[in-house]
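Asks: Sharing a structure, written as C-alpha cells. Questions coming.
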Amino acid sequence: MSLLDAARQVRENAHAPYSNFKVGAAIRVESGAVYTGCNVENLAYPQGTCAEAGAIAAMCAAGDYRIAEVAVIADAPDPVPPCGGCRQKLMEFASPEVRVTMATTDGATRTVTLGELLPGAFTPDHMSRT
C-alpha cells in the first residue's frame, strides 16, 4: 500500500462531526514502517487533534522518532497543506528535505519539502546559548 493510500484509508476514520472536514495523514519512518492518523474534533473546538499530530503520536508510541516521508489527504478543491502547528510538529522529527505529498480525494497532488512548507522553522539551534 502506498503512503497516500494509507492516508486515504485512515481518513475514513476521522471524527469530524462539526466541520465535516476529514483529514488523513501517513508518515513513513526511516525503517520503512508507516504510521497513520486522522483528525479528531471535539465540541470544545480547540481541543481537537490534527491528523498529522495523531500520526506523530502513533509513531512515537511505537518508539520511532525520525520521519522520512509524509502524506496528507483531504476532500478539498486543492491539496491541503498541514496547518502551521503541524508543520512545526513534523519538523521536530524530520529534516527540511523530507517530502510532503498533499492530495485531494479527487486525485490532485502536490509534493514539496518540509523546508518549503516551513521556512524559518524554530529549531534546537534557537535554544542554544553561545
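Asks: Given Cβ point charges of +1 (Lys, Arg) and -1 (Asp, Glu) and nothing else, what value in debye, to the nearest 20, does the dipole of the chain about its Cα centre take?
Replies: Value, rounded to 20: 140 debye.
Asks: Additional query: About its Cα centre, what dipole magnitude does segment 58-122 give when the only charges are +1 on Lys and Arg Cβ and -1 on Asp and Glu Cβ, stated in debye to the nearest 20?
Replies: 160
Asks: What GluC sites (Glu not before Pro) does segment 39-130 have in DSSP loop regions with at most 11 other beta carbons within 10 Å?
Replies: GLU97
Asks: Tell me, which longest segment in the chain has none of the trypsin sites (Lys or Arg not before Pro) that fall in DSSP loops with at most 14 further Cβ atoms within 10 Å?
Replies: 1-65
Asks: In segment 1-110, which chymotrypsin sites (Phe, Trp or Tyr not before Pro) fall in coil by DSSP and have 11 or fewer other Cβ atoms within 10 Å?
Replies: In loop regions of segment 1-110 (DSSP not H, G, I, E or B), the sparsely surrounded chymotrypsin sites (Phe, Trp or Tyr not before Pro) are TYR18.
Asks: Right, next: Among DSSP beta bridges lying fully in the chain, give the percent that are antiparallel, nearest 5.
Replies: Expressed as a percentage, antiparallel bridges in the chain total about 70.
Asks: May I pose another question? Gain in length, GLU12 to THR49, computed as 0.36 nm per residue apart minus the alpha-carbon separation, to one decimal in nm?
Replies: 11.8 nm
Asks: At 7 Å along the Cα-to-beta-carbon direction for both GLN88 and SER19, put a label point, then send me their distance in nm to one decimal.
Replies: Reported label-point gap for GLN88 and SER19 is 1.7 nm.
Asks: Here is a follow-up. Starting from the 7 Å offset along Cα-to-Cβ, what nm value, one decimal, do you get for the label separation of SER95 and THR109?
Replies: According to this spin-label approximation, the distance is 2.2 nm.
Asks: Would you please give the residues with an amide H less than 5 Å from that of VAL80, counting only those at least 5 places away or on a separate chain, with H modeled from the backbone geometry?
Replies: ALA74, ALA103
Asks: Starting from the Cα of ALA61, step 7 Å along the direction of its Cβ; do the same at ALA76; then give the gap between the two resulting points in nm.
Replies: Taking the simple label geometry, ALA61 and ALA76 are separated by 2.5 nm.
Asks: For the Cα atoms of the chain, what angle does the longest principal axis make with the long axis of helix 51-61, in degrees from 0 to 90, nearest 10?
Replies: 60
Asks: Further question on the same structure: Could you tell me how many degrees, from 0 to 90 and to the nearest 10, lie between the Cα long axis of helix 84-93 and the main elongation axis, the longest principal axis, of the Cα atoms of the chain?
Replies: So the helix axis and the longest Cα principal axis differ by about 50 degrees.
Asks: Kindly provide the pair-distance distribution of segment 1-91 built from C-alpha pairs, with 10 Å bins from 0 and whole-percent values in order of increasing distance.
Replies: 19, 53, 25, 3
Asks: Then there's this: Can you find, among ALA16, ALA121, ALA71, the residue farthest towards the positive end of the dipole of the chain? Put +1 on the C-beta of Lys and Arg, -1 on that of Asp and Glu.
Replies: Most positive-ward Cα: ALA121.
No lab work stands behind these numbers, since they all come straight from the coordinates. All values reported here derive from a predicted model rather than from experimental measurement. Neighbour counts run over all protein chains shown; Cβ positions are idealised from the backbone, glycine included.
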